[in-house]
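First comes the structure, then the notes that go with it.
The values are calculated or read from the model by the stated rules, or taken from the named source; none is laboratory data. Note that the structure is predicted; figures quoted are calculated from it, not measured. For neighbour counting, all protein chains shown are included, and Cβ atoms are generated from backbone atoms with ideal geometry for every residue, glycine included.
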Amino acid sequence: MPHLTAVITRFAPSPSGPLHVGHLLAALQARKLADVHGGKCLLRVEDIDERAQHPEYLELMYEDLSWLGLSFDGEIIVQTRRFDVYSSVLEKLRDMDLLYPCFCTRTEIRNQVAEMGRAPHATLGYLYPGTCRNLSSDEVAEKMAAGVPHSWRLDMQRVQDLIGCPRWHDMRRGTQRCVPSAYGDVVLARKDFPASYHLCVVVDDASQGVTHVTRGADLFDATHIHRALQGVLGLPVPQYCHHALLRDNAGKRLAKRDGARSIASLRAAGFTPQQVRNSLHIALQRGGIWEV
Ligand code: GLU
């Protein structure tokens with residue numbers, strides 16, 4: 001691999017449960033890519049989801065990382081401390097006329113999608129069909145005045161009119177072309193929280209100067225959305241590397257709820273950090289099948 005200057009990667013866990021071996025894989029990928037190029041690997045706590053607001057999991061995460069001997073460079077960013085940054089970006093998008101309020105509930109969206117005869121997207125779920133995009137300003141004002149809870153969505157057709165179909169590069173899968181309108185009008189500010197994963201991840205990767213984003217293949221489709229946002233916000237576009245996910249013997253993706261694969265439980269069962277890393281190495285040699 002050629003030596004790249006100033007490589008910055010990041011590990012960005014959501015502490016909504018104990019760290020598990022999938023997290024270790026993601027962290028090691030980011031650390032390794034930085035180390036190979038003499039760069040930096042940063043840590044970012046993605047805790048805007050209410051399920052991730054558990055101080056005990058955050059504490060446990062720091063303990064697990066230190067037990068595993070994983071260290072990170074620079075300042076740790078915690079998303080719930082960055083409201084002001086996210087709201088100024090939302091303001092900018094509102095000024096560009098790219099956001100609209102959406103009053104639909106999840107059930108309504110599911111029904112709208114079903115009525116259109118569409119199936120949920122494999123990794124992005126129910127793509128929003130744009131119902132509230134067509135509300136008149138009177139209807140919006142009425143709902144706002146009545147205090148109907150609303151999120152803010154990005155008008156992807158307008159995004160596409162503005163930036164076209166930009167490209168991004170995946171280190172494993174090559175050059176990709178993003179068609180913004182293919183992913184539905186995504187939420188950038190949730191009903192219960194004035195930001196969303198898509199917004200925060202794009203803003204934070206840019207703020208932290210991340211040059212290479214390594215993360216699981218489950219986020220490959222989301223990267224198209226992130227590329228579109230980078231386009232309208234004029235942010236630098238990192239390189240991406242979406243790595244394969246760990247699976248169990250039955251081929252099922254390891255999930256956070258599989259407590260037995262948590263680092264804490266492996267630690268409690270007497271494994272050493274080296275044994276855990278070796279098991280991960282073996283799993284990767286077996287095509288990502290984790291057997292421990
Ligand atoms: N916070 C996400 C997770 O724990 C990862 C997001 C990312 O790497 O962009 O699954």
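Here is how the numbers come out for the structure above:
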{"read-out": "Qualifying residues in region 208-238 (those that are away from the ligand (no atom under 14 Å from the Cβ) and part of a helix (DSSP H, G or I)) - the one surrounded by the most Cβ atoms within 10 Å (Cβ to Cβ)", "value": "Ala228"}
{"read-out": "Residue check for Arg31: exposed (fewer than 14 other Cβ atoms within 10 Å of the Cβ), within 20 Å of the chain's Cα centre (by Cα) and more than 12 Å from Pro13 (Cα to Cα)", "value": "no"}
{"read-out": "Close pairs from region 59-86: first over 22 Å from His20 (Cβ atoms), partner crowded, with 19+ Cβ neighbours inside 10 Å and among the small types (Gly, Ala, Ser), Cβ under 7 Å, at least 6 apart", "value": "Tyr86/Ala195"}
{"read-out": "Check on Tyr126, under 21 Å from the mean Cα position of the chain (by Cα) and among the aromatic types (Phe, Trp, Tyr)", "value": "yes"}
{"read-out": "Test: residue in region 67-86 that is modelled with pLDDT of 95 or more, of a type in the set (A, V, I, L, M) and farther than 30 Å from Ser265 by Cβ", "value": "yes"}
{"read-out": "Residue check for Lys32: in contact with a strand residue (DSSP E or B) (Cβ under 6 Å, 6 or more places away or on another chain), among the charged types (D, E, K, R) and more than 11 Å from the ligand (Cβ to nearest atom)", "value": "no"}
{"read-out": "Any hit, region 45-66, residues being under 20 Å from Ala283 (Cβ atoms), modelled with pLDDT of 95 or more and of a type outside the set (Asp, Glu)", "value": "yes"}
{"read-out": "Tally, over region 39-55, of residues that are surrounded by 16 or more Cβ atoms within 10 Å (Cβ to Cβ), within 12 Å of the ligand (Cβ to nearest atom) and of a type in the set (Lys, Arg)", "value": "1"}
{"read-out": "Residues satisfying the stated conditions in region 261-285, i.e. surrounded by fewer than 13 Cβ atoms within 10 Å (Cβ to Cβ) and more than 19 Å from Gln29 (Cα to Cα)", "value": "Ala268, Ala269, Gly270, Thr272"}
{"read-out": "So Asp73, is it more than 12 Å from the ligand (Cβ to nearest atom), acidic (Asp, Glu), more than 28 Å from Gln160 (Cα to Cα) and surrounded by 14 or more Cβ atoms within 10 Å (Cβ to Cβ)", "value": "yes"}
{"read-out": "Filter result for Arg247 (within 13 Å of the ligand (Cβ to nearest atom) and closer than 28 Å to Gly69 by Cα)", "value": "no"}
